[in-house]
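The values are calculated or read from the model by the stated rules, or taken from the named source; none is laboratory data. Computed from a prediction, not measured in an experiment: that's the story for all the values here. Cβ: placed from backbone, ideal geometry, glycine included. Neighbour counts: every protein chain shown.
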């Protein structure tokens, strides 16, 4: 058996070969980028990437490495797409975005989507919710489509509660390729799905819907977006005392993240403890009067819509309550500074809004819809542009 130094020397030799081949591949990628610019071809080709992965798994001698090879090529292709995007002219909109004409974002029964009358059809994605006037999701997805050269549009679909089922089915019938879900439908939508992913099942809420192999499948990318936001802002979770305000679908993802990342104590605050107890089994629930008696905590998270545009003059809790914590996180991103966060800054504690979470969960949804991996630098780029 070879000793450790011999094995390391062998790996070093292989690494040199890998670097040489990687450099050669990137040079080829740049040639591909030039061809795509010249012929107005989108950067992202999910079907092609899928074929590349399957083809390379087939030639593996040791099939135990199949998952590792898949991860390897997803990373390589993500790097390749990013390199292509950086070499696209800023004013070059590859895969020109078409408009969807005669389509009202607020949809009703028997809705019909009138596709564009140009030669190139845009792939349709969108967001389902009750009140969406504040949403900047279209801006996030449009920026991504421009970076990746995708021929796609992202629409807002305002739906009344009593018309959720009929309008959801109408969107499916009219060929929407992917949907996000927001307040107040993250739980209600589940009954209309064929299946939900492991993480969505564990959380009990869905914010992303995919259409795969004839099935309607629910996922939850809020979880991942929330985690990225905490990491980005250096807010530790392990062994910390956490307070979560609100008992909706977003709170489910937030609490699950805290559980999975070993928070010491998690308190859910709700005006209706009985109803919250039905939806958050195993979670300690208190009301707002009990919260006032709390002496100290580490992180307080607002998962309610309280303070969201246009009603920006209110906060779910007062400045004295917020001052008991070292970090305050508000999932609201419009306005950028809610009264809740203003109180936090005045108390000299870390204050973070939900914008990075919004971008993170949006990119994760696009990865699911397009069977692809998107470079994390793109998340940061879009976030900075929105700031």
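Taken together, 341, 368 contain a single residue that is in the same structural domain as residue 154 (by TED's automatic domain parsing) and touching a strand residue (DSSP E or B) at 6+ places or on another chain (Cβ under 6 Å), which is 368. Checking each residue in the stretch 265-284 for being free of Cβ contacts under 8 Å to residues at least 24 places away in the same chain and either under 21 Å from residue 237 (Cβ atoms) or in contact with a helix residue (DSSP H, G or I) (Cβ under 8 Å, 6 or more places away or on another chain) (or both) picks out 271, 282, 284. May I ask you to list the residues in the stretch 183-194 that are outside any helix (DSSP H, G or I) and surrounded by 21 or more Cβ atoms within 10 Å (Cβ to Cβ)? Passing the criteria: 185, 186.
Exactly one residue among 204, 214 is out of contact with any helix residue (DSSP H, G or I) (no Cβ under 9 Å at 6 or more places or on another chain), surrounded by fewer than 23 Cβ atoms within 10 Å (Cβ to Cβ), farther than 21 Å from residue 363 by Cβ and outside the structural domain of residue 306 (by TED's automatic domain parsing), and that residue is 214.
Scanning the stretch 216-228 for residues that are touching a residue at least 40 places away in the same chain (Cβ under 8 Å) and more than 11 Å from the chain's Cα centre (by Cα) yields a count of 1. Scanning the stretch 372-387 for residues that are closer than 12 Å to residue 140 by Cα and either surrounded by 16 or more Cβ atoms within 10 Å (Cβ to Cβ) or more than 15 Å from the chain's Cα centre (by Cα) (or both) yields 378, 379, 381, 382, 383, 384, 385, 386, 387. Does residue 82 count as touching a helix residue (DSSP H, G or I) at 6+ places or on another chain (Cβ under 7 Å), surrounded by 14 or more Cβ atoms within 10 Å (Cβ to Cβ) and at pLDDT 85 or above? Here the answer is no, as residue 82 does not meet what is asked.
The residues of the stretch 248-281 that are assigned to a loop (DSSP other than H, G, I, E, B), in contact with a strand residue (DSSP E or B) (Cβ under 7 Å, 6 or more places away or on another chain) and either at pLDDT below 90 or buried (at least 18 other Cβ atoms within 10 Å of the Cβ) (or both), listed by number, are 263, 270, 280. The number of residues in the stretch 119-175 that are in a loop (DSSP other than H, G, I, E, B) and either on the phi < 0 side of the Ramachandran plot or in contact with a helix residue (DSSP H, G or I) (Cβ under 9 Å, 6 or more places away or on another chain) (or both) comes to 17.
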